[in-house]
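These notes concern the structure reproduced below.
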Amino acid sequence: MRQLIAGNWKMNGLLAQLDSIAAPLTKAHHAADVLICTPATLLHPARALLAESSVLLGAQDCHAKASGAHTGDLSAAMLHDAGARFVILGHSERRADHGETDAIVLAKVQAARAAGLTPIVCVGESEAQRLADMQDKVVGAQLRHSLPAGFDGVIAYEPIWAIGTGRTPTEQDVAAMHAHIRATLVAHLGAMGQGLRILYGGSVKPSNAKALLALPEVGGALVGGASLVAEDFLAVVRGAAG
Ligand code: 13P
């Protein structure tokens, strides 16, 4: 399967940034699948901009319910209606800022699938957990508790301490964690777990993308800061194996 390079714009981006960040992506041919997850306010205009290109569009969260009295929230069907085909779920920033548990992430995964969105489920340990050598246990539990049977989306391994810090795990540590995630997916999901893409995220940038993307079981990258600069994101995409 081709690698997937996904940009998570987080809470960044006004209309003008579609021209400066997203438009340049539509002009190049990419060896990898390329996805941008914009704020929900930009999905509709982004859909129009990306329509004639291979660049995919996604959202950053959805509500677990299909509709109802949830002021300010967005359902998976609304995001699909606006043009999203992917949705990031369980990002550590949402777990921290909004108290999202694995059970909530599981409910959101089911809502996303019901609306035709492909979930990108984020897992990853804190720095304290890494220092205590608990990362395998923590990530294994997150996967078992947030993925329903038959899950056919994408996993993103994002060590919390590597997000926005410029620090990354060693290549050996990334490879070891991705092998652990693969084994957990197969144990939990059976044969289905064998083919799912496992992205690495956390301070991916042009200077380290090629090496990270060449590691075994790394099926792509989830990119924050570097996805907000077109030339940096394109450089990360060029680092993909295809
Ligand atoms: P950075 O690439 O800015 O470290 O962010 C990673 C991330 O959280 C992507 O979801």
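The values are calculated or read from the model by the stated rules, or taken from the named source; none is laboratory data. Since we're looking at a predicted model, the values are computed, not measured. Positions of Cβ are generated from backbone atoms using ideal geometry, with glycine treated the same way; all protein chains shown enter the neighbour counts.
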* Asked: Restricting the first residue to the stretch 179-190 and requiring it to be at positive phi, which pairs with a second residue that is in a loop (DSSP other than H, G, I, E, B) meet a Cβ separation below 9 Å and a spacing of at least six or different chains?
  -> Gly190/Ala149
* Asked: From the list Ala84, Ala48, Ala69, Ala103, which residue is under 22 Å from Ser20 (Cα atoms) and loosely packed, with under 15 Cβ neighbours inside 10 Å?
  -> Ala48
* surrounded by 18 or more Cβ atoms within 10 Å (Cβ to Cβ), in contact (Cβ under 8 Å) with a residue 60 or more places away in the chain and either more than 14 Å from the ligand (Cβ to nearest atom) or outside any loop (DSSP other than H, G, I, E, B) (or both) - does that describe any residue in the stretch 207-216? -> yes
* To do: Among the residues of the stretch 6-36, write down those that are in contact (Cβ under 8 Å) with a residue 60 or more places away in the chain, within 16 Å of the ligand (Cβ to nearest atom) and either hydroxyl-bearing (Ser, Thr, Tyr) or closer than 23 Å to Ala115 by Cα (or both).
  => Ala6, Gly7, Asn8, Trp9, Lys10, Val34, Ile36
* Asked: Do you know which of the residues in the stretch 138-194 that are within 18 Å of the chain's Cα centre (by Cα), farther than 18 Å from Ala221 by Cβ and of a type in the set (Gly, Ala, Ser) is nearest to the ligand (Cβ to nearest atom)?
  -> Ser146
* Failed criterion for Trp161 (all others in (1) among the aromatic types (Phe, Trp, Tyr); (2) in a helix (DSSP H, G or I); (3) touching a strand residue (DSSP E or B) at 6+ places or on another chain (Cβ under 6 Å) hold) -> (3)
* Structure fact -> Restricted to the stretch 217-235 and to residues being among the charged types (D, E, K, R) and in a helix (DSSP H, G or I), the residue surrounded by the fewest Cβ atoms within 10 Å (Cβ to Cβ) is Glu231
* To do: Please determine, by comparing only the residues of the stretch 119-137 that are within 18 Å of the chain's Cα centre (by Cα) and either on the phi > 0 side of the Ramachandran plot or in contact (Cβ under 8 Å) with a residue 60 or more places away in the chain (or both), which one is surrounded by the most Cβ atoms within 10 Å (Cβ to Cβ).
  => Ile120
* Structure fact -> Listed by first then second residue, the pairs whose first member lies in the stretch 193-205 and is more than 16 Å from Ala183 (Cα to Cα) and part of a loop (DSSP other than H, G, I, E, B), whose partner is modelled with pLDDT of 95 or more and among the aromatic types (Phe, Trp, Tyr), with beta carbons under 9 Å and at least 6 positions apart or on separate chains, are Gly202/Tyr157; Gly202/Trp161
* Asked: Is there a residue being closer than 29 Å to Ala46 by Cβ and hydrophobic (A, V, I, L, M, F, W, C) anywhere in the stretch 127-141?
  -> no
* Criterion: within 16 Å of the ligand (Cβ to nearest atom), of a type outside the set (S, T, N, Q) and part of a helix (DSSP H, G or I) - qualifying residue of Arg95, Arg113 -> Arg95
* On the given criteria, is Ala115 touching a residue at least 12 places away in the same chain (Cβ under 8 Å), farther than 19 Å from Leu185 by Cα and not hydroxyl-bearing (Ser, Thr, Tyr)? -> yes
* Selection status of Ala48, among the small types (Gly, Ala, Ser) and over 16 Å from the mean Cα position of the chain (by Cα) -> yes
* Is the stretch 125-139 home to any residue that is assigned to a helix (DSSP H, G or I), under 25 Å from Ala77 (Cβ atoms) and touching a strand residue (DSSP E or B) at 6+ places or on another chain (Cβ under 6 Å)? -> no
